[in-house]
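Shown next, in structure tokens, is the structure this report addresses.
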Protein chains: 2
Amino acid sequence: MIYKLYYWPGIQGRGEFVRLALEEGGADYLDIALVPEEQGGGVPAMLEFLDGPGVARPPFAPPFLQAGRKLIGQTANILLFLGPRLGLAPRAAAGRLWAHQLQLTLADFVLEIHDTHHPIGGGLYYEEQKPEAKRRSREFLAQRLPKFLGYFERAIERNGGIWMADNRLGYVDLSMAQVVAGLRYAFPRASKNALRPCPRLRALHDAVFARPRIKRYVASGRRLAFNNDDLFRHYPELDA
Amino acid sequence: MIYKLYYWPGIQGRGEFVRLALEEGGADYLDIALVPEEQGGGVPAMLEFLDGPGVARPPFAPPFLQAGRKLIGQTANILLFLGPRLGLAPRAAAGRLWAHQLQLTLADFVLEIHDTHHPIGGGLYYEEQKPEAKRRSREFLAQRLPKFLGYFERAIERNGGIWMADNRLGYVDLSMAQVVAGLRYAFPRASKNALRPCPRLRALHDAVFARPRIKRYVASGRRLAFNNDDLFRHYPELDA
């Protein structure tokens, strides 16, 4: 099975949560964002599924995954599908629900991180909503960041201290590590403080990025750098 | 199996998506918000699962469902679990993923609806973020509301014109009807305009609230009225 991943080029975004699972799982996949438009890739290929009249089950937004005849949207749903196939999900049904529940909570967290720089709307530039972004970031860093991190730290602790939802690494661990990396990029000051009481999250981040396949992926150049067109953005004025 | 639903008393909130499925599915369930504190119900019973040190897999927030020894959080995850058990999910695996994908997109929509009155943070009162709420609502009503409704209308159309993800009613239809009802409460003016080109969504809403079990539930008095402590809030100044 060769999976095809559709996402915006130039950013990690939510596509990166899927990429990390595909890489760690050793999957054969085609990142359509990296395929030139002349060869049927890039944004036009993606838009055909979003806007094309012939798509029976169109996704609302990228990322989405093509797996044979299946077209699967929503990041957490893609990982729910891929997890067992790539050996990255718990074996028992109850464990799979729990991993998915954590992934959905991570998705909520990621949206709140995104909205620190876009509290008014995704259709406006950051520069058009700077005062609101400042206010929202202040609230986020004071209330939400420690609450979410404390919750995930506790989840690891209650699961034995190493991984989030299983006795081995799974897709939620990959996503969690990515969020820690993104927070450090976006809010170097605040995230350092917020992560101080979270030794398990810091260790999880390091364990994920030390995995041979993840290291190979990072070294390949295919993993894009964080940047300010992305989900995680570094605006020093928000990191207060 | 007697399910136990944990949620805040006094509001429909996200708990209502689960209640509608339990009601339509004819499930035996206990709504812990309605059980007096002296009898082990209400908010203290809920907080024990959120904050209690002995909970192996604590939810981040309500609603959550107890089903035997399972404790399941995240609205869409609860419905993923309940759907097949209540005859409210497609039979095929691919159909179930699609229904879940739509439910996750509805969850995104619901969060954006919520954030129209709380664009800065859930820890502040509406009155503390009124100018920002006005701006966010303007963006939402102009860009996001028609985009989401158009998407869901198209999903019904491509699924045969009646239901969203199957050839019979399922949990996503119940949730979609609830969102239409909530929008009409929150934004009577804007939602009337936005729903005009969506005959299938309007028909779906009516079909759901004409179901015998849903009618019985609404007539029972157990379904709370929409109110301004809830997810969907009616502030006339935002409905512009």
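Testing residue A:169 on (1) more than 12 Å from chain B (Cβ to nearest Cβ); (2) assigned to a helix (DSSP H, G or I), one condition comes back false. Which one is that?
(2)
What is the one condition in (1) aliphatic (A, V, I, L, M); (2) in contact with a strand residue (DSSP E or B) (Cβ under 7 Å, 6 or more places away or on another chain); (3) over 10 Å from residue B:6 (Cα atoms) that residue B:32 does not satisfy?
(3)
Let's see how each residue does on (1) closer than 18 Å to residue A:111 by Cβ; (2) of a type in the set (A, V, I, L, M):
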| site | (1), (2) |
| --- | --- |
| B:80 | no, yes |
| B:88 | no, yes |
| B:92 | no, yes |
| B:108 | yes, no |
| B:111 | yes, yes |
| B:117 | yes, no |
| B:134 | no, no |
| B:147 | yes, no |
| B:172 | no, yes |
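Quick grid of which residues meet (1) closer than 20 Å to residue A:13 by Cβ; (2) among the acidic types (Asp, Glu); (3) touching a residue at least 12 places away in the same chain (Cβ under 8 Å):
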position: A:37; (1), (2), (3): yes, yes, no
position: A:60; (1), (2), (3): yes, no, yes
position: A:63; (1), (2), (3): yes, no, yes
position: A:76; (1), (2), (3): yes, no, yes
position: A:81; (1), (2), (3): yes, no, yes
position: A:90; (1), (2), (3): no, no, yes
position: A:98; (1), (2), (3): no, no, yes
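Testing residue A:184 on (1) more than 19 Å from the chain's Cα centre (by Cα); (2) open to solvent by 40 Å² or more (accessible area, probe 1.4 Å), one condition comes back false. Which one is that?
Checking residue A:184 against (1) more than 19 Å from the chain's Cα centre (by Cα); (2) open to solvent by 40 Å² or more (accessible area, probe 1.4 Å), the one that fails is (1).
Listed residues A:157, A:237, A:153; which is touching a helix residue (DSSP H, G or I) at 6+ places or on another chain (Cβ under 7 Å), in contact (Cβ under 8 Å) with a residue 24 or more places away in the chain and more than 28 Å from residue A:118 (Cβ to Cβ)?
Matching residue, one of A:157, A:237, A:153: A:157.
Please verify whether residue A:203 is out of contact with any strand residue (DSSP E or B) (no Cβ under 7 Å at 6 or more places or on another chain) and open to solvent by 10 Å² or more (accessible area, probe 1.4 Å), treating the condition exactly as stated.
Here the answer is yes, as residue A:203 does meet what is asked.
Please work out which residue is least open to solvent (accessible area, probe 1.4 Å), limiting yourself to region A:130-148 and to residues that are out of contact with any helix residue (DSSP H, G or I) (no Cβ under 8 Å at 6 or more places or on another chain) and at the interface with another protein chain (Cβ under 8 Å from one of its Cβ atoms).
The residue in question is A:139.
Working only within region A:193-207, note down all residues that are assigned to a helix (DSSP H, G or I), closer than 22 Å to residue A:161 by Cβ and of a type outside the set (Asp, Glu). Give the derivation first.
First pass over region A:193-207, keeping only residues assigned to a helix (DSSP H, G or I): A:193-195, A:199-207.
Those still in the list that are closer than 22 Å to residue A:161 by Cβ too: A:194-195, A:199-207.
Residues satisfying the conditions are A:194, A:195, A:199, A:200, A:201, A:202, A:203, A:204, A:205, A:207.
So, of the residues in region B:149-166 that are facing another protein chain (nearest Cβ under 9 Å) and assigned to a loop (DSSP other than H, G, I, E, B), which turns out to be surrounded by the most Cβ atoms within 10 Å (Cβ to Cβ)?
B:165
Could you tell me whether residue B:135 is under 18 Å from residue B:203 (Cβ atoms), of a type outside the set (S, T, N, Q) and more than 17 Å from the chain's Cα centre (by Cα)? Lay out the reasoning, then the answer.
Working: under 18 Å from residue B:203 (Cβ atoms): no; of a type outside the set (S, T, N, Q): yes; more than 17 Å from the chain's Cα centre (by Cα): yes.
Answer is no for this residue.
Step by step: first the residues of region B:115-129, then only those that are facing chain A (nearest Cβ under 9 Å) and surrounded by 14 or more Cβ atoms within 10 Å (Cβ to Cβ), then the one that is farthest from the chain's Cα centre (by Cα). Which residue is that?
This residue is B:129.
Conditions first: (1) at the interface with chain B (Cβ under 10 Å from one of its Cβ atoms); (2) part of a helix (DSSP H, G or I). Residue A:179 passes all but one, so which condition is the exception?
For residue A:179, the failing item is (1).
When only residues in region B:209-223 that are touching an Asp or Glu at 6+ places or on another chain (Cβ under 8 Å) and either in a loop (DSSP other than H, G, I, E, B) or closer than 26 Å to residue B:122 by Cα (or both) count, which is most open to solvent (accessible area, probe 1.4 Å)?
B:222
The values are calculated or read from the model by the stated rules, or taken from the named source; none is laboratory data. Predicted model, so just to flag it, every value in this text is computed and none were measured. Quick reminder, even Gly has a Cβ in these numbers, built from the backbone with ideal geometry, and neighbours come from all protein chains shown. Heads up: the accessible areas ignore ligands, DNA and RNA and are worked out on the full protein's heavy atoms, side chains in. Shrake-Rupley method; radii C 1.70, N 1.55, O 1.52, S 1.80 Å.
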